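Read the structure below first, then the notes.
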């Protein structure tokens, strides 16, 4: 495994999450959080879906365009992953979200965070 593969793998996960949130908003909200799916939440979920999609595209492309700066970008992704892991864990612990999706996402996010950190040193 190398940093290029980690960026590409995270890109795939982010793109899948983004497409799901963008096009399957009602299902994504009810299954991913346990919340009632409302038009307002679907609208917000679509916005979040675009953000995830853009981040996924960036993650996919960074290895191709960053060359010698890839390790620096990897450390930024490790920091971002740490923040995302913390907020997902906080929401799980406080009961704000429920279901399998948050648990899967917190594990994947934590694994990517650790991988970005160790392969960017």
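A short reminder: the numbers here are calculations on the coordinates, not readings from a lab. Everything numeric in this text was worked out from a predicted model, so none of it was measured. Here the Cβ is made from the backbone with ideal geometry for all residues, glycine too, and neighbour counts use every protein chain on show.
Look at where the Cα atoms of the stretch 1-41 and of the stretch 53-71 average out, and the two centres are 19 Å apart. The calculated 222 nm mean residue ellipticity attributable to helices in the chain amounts to -30000 deg cm²/dmol, summing -39500 (n - 2.57) over DSSP H runs of n ≥ 4 and dividing by all residues.
Rounded to the nearest 10 degrees, the angle from helix 3-23 to the longest Cα principal axis of the chain is 20 degrees.
The convex hull of the Cα atoms of the chain, projected and averaged over all directions, covers 7.0 nm². Using 7 Å Cα-to-Cβ label points, what is the residue 100/residue 72 separation (nm, one decimal)? A separation of 4.2 nm, rounded to one decimal place.
Between helix 100-120 and the chain there is an angle of about 10 degrees, using the helix long axis and the longest principal axis of the Cα atoms.
For 41, 14, 27, what ranking results if the residue with the fewest other Cβ atoms within 10 Å of its Cβ goes first? Display every interim value, and only then the final one.
Values: 41 18, 14 22, 27 13.
In order of increasing Cβ crowding within 10 Å: 27, 41, 14.
Computed from label points 7 Å out along Cα-Cβ, the spacing between residue 47 and residue 86 is 2.3 nm. For the stretch 28-97, the Cα gyration tensor yields ellipsoid semi-axes of 30, 17, 7 Å (square root of five times each eigenvalue, largest first, whole Å).
Do you know the relative contact order of the chain, to the nearest whole percent, from alpha carbon pairs under 8 angstrom that are 6+ apart? Reported as a whole number, the value is 34 percent. To the nearest ten degrees, helix 39-66 and the longest principal axis of the Cα atoms of the chain are 10 degrees apart.
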